[in-house]
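Peer 1: Have a look at this one.
Every number in this text was worked out from the coordinates using simple rules, so none of it is lab data. Because the structure is predicted, anything quoted here is derived from the model rather than measured. All Cβ positions, glycine included, derive from the backbone under ideal geometry; neighbour counts span all protein chains shown.
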Amino acid sequence: MSEAVQSVAQLSAAIISRIARYSNIIKAVFHIIVEKMTGNDVFMTEQTTEFPKVQFVEIDEVHEGQRIDNFLITKLKGVPKSVIYRILRKGEVRVNKGRIKQTYKLLNGDVVRIPPLE
């Protein structure tokens, strides 16, 4: 009987170990699903900076020749690069009322429209 009890104890310890491992996997999958549904990164510890209004920025000689993606990275501190490249791809960033690619180089006097970011 002692052998049977020992065997059951070992089996139940193995089952508990697997349940704990699977529960961590389930938690991670749940967090990913919530992130995809809400658009909020549940693993982020700090919030990104919000820019609730459309911004129009006129380019001066300091930023002339700079790529639009690098300009936005410096202008929008705290905003993830993935968000910056997404708004560029979707055409939400405009230069002189026209859509541009991320490789566009800014010219003196360009007016850049930066969409609201939350």
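Peer 1: So what's the net charge close to THR74: Lys and Arg +1, Asp and Glu -1, counting the other residues with Cβ under 12 Å from its Cβ?
Peer 2: +3
Peer 1: I need the P(r) histogram for the chain: all alpha carbon pairs, bin width 10 Å from 0 out to the longest distance, whole percents.
Peer 2: Whole-percent P(r) values from 0 Å outward: 12, 29, 18, 13, 9, 8, 6, 4, 1.
Peer 1: Need the full-extension length gain, ILE32 to ALA13, defined as separation in residues times 0.36 nm minus the C-alpha distance. One decimal, nm.
Peer 2: The span from ILE32 to ALA13 would gain 3.9 nm if fully extended.
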